[in-house]
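Structure first, commentary second.
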Amino acid sequence: MDMSIFDSFARPPCAETLGWELIEAEEATGTIRVRMEGKPAFCNPGGNIQGGFVAAMLDDTLGPTVLVKSGGAYYCATISLNISYLAPARPGSFTGVGRIVQLGKTVAFLEGELFDAEGRCVARATASARVVSTGGLDRG
């Protein structure tokens, strides 16, 4: 997968905040692996990454699958995001794996997991998302 698809768009501030980095992408299936950083600033009083940040990491894992599968022609806007929290997420590096379950003309169905540095799955997600043309996006 040519990394230039992501390089041809302005990097979103949320990706900067999460330390989003593409590891690999498979255009044929729309499957991606990304790395993100769970910062201490994301922690709740118990020292674990607050669930909203885990959800944001999963949202930023699933969404780019449509951009990859469409060769940069489309991105998606989340309609619904369902998270199952499986284990406490401690600060550190995380790997997200996202897949397209079904890609229609207007709606995509997505799924994925978030793994901690030890390879433990800390959360799973399913989502539905609106398919939107990249024509109006900032090409920064």
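Using the Cα centre as the reference, give the magnitude of the dipole from point charges on the C-beta atoms of the chain (Lys, Arg: +1; Asp, Glu: -1; all else neutral), rounded to the nearest 20 debye.
It works out to roughly 320 debye.
With unit charges on the beta carbons (Lys and Arg positive, Asp and Glu negative) and the dipole taken about the Cα centre of the chain, which residue among 122, 132, 81 sits farthest to the positive side?
81
If you take the beta carbon distance between residue 128 and residue 7 as r and set R0 to 35 Å, what does 1/(1 + (r/R0)^6) give as a FRET efficiency, to the nearest 0.05?
Computed FRET efficiency for residue 128 and residue 7 comes out at 0.80.
When only alpha-carbon atoms count, how far does region 4-136 stretch along each of its three principal axes, as whole angstroms with the largest first?
43, 26, 23
Which three numbers, in whole Å and largest first, are the semi-axes of the equivalent ellipsoid of region 54-118 derived from its Cα gyration tensor as √(5λ)?
Whole-Å semi-axes of the equivalent ellipsoid: 24, 12, 9.
Could you work out how far apart the two model spin labels at residue 105 and residue 86 are, taking each label as a point 7 Å from the Cα in the direction of the beta carbon, and quote it in nm?
Those two pseudo-labels are separated by 3.6 nm.
Could you give the angle, 0 to 90 degrees to the nearest 10, between helix 51-62's Cα long axis and the longest principal axis of the Cα atoms of the chain?
30
Bin all alpha-carbon pair distances of region 1-42 at 5 Å intervals from 0 and give each bin's fraction as a whole percent.
It works out to 6, 19, 26, 26, 14, 7, 3, 0, in whole percents.
Taken together, the values in this text are just the output of simple stated rules run on the coordinates, not laboratory data. Computed from a predicted model, the values in this text were never measured in an experiment. Cβ sites come from the backbone with ideal geometry, for glycine too, and all protein chains shown count toward neighbours.
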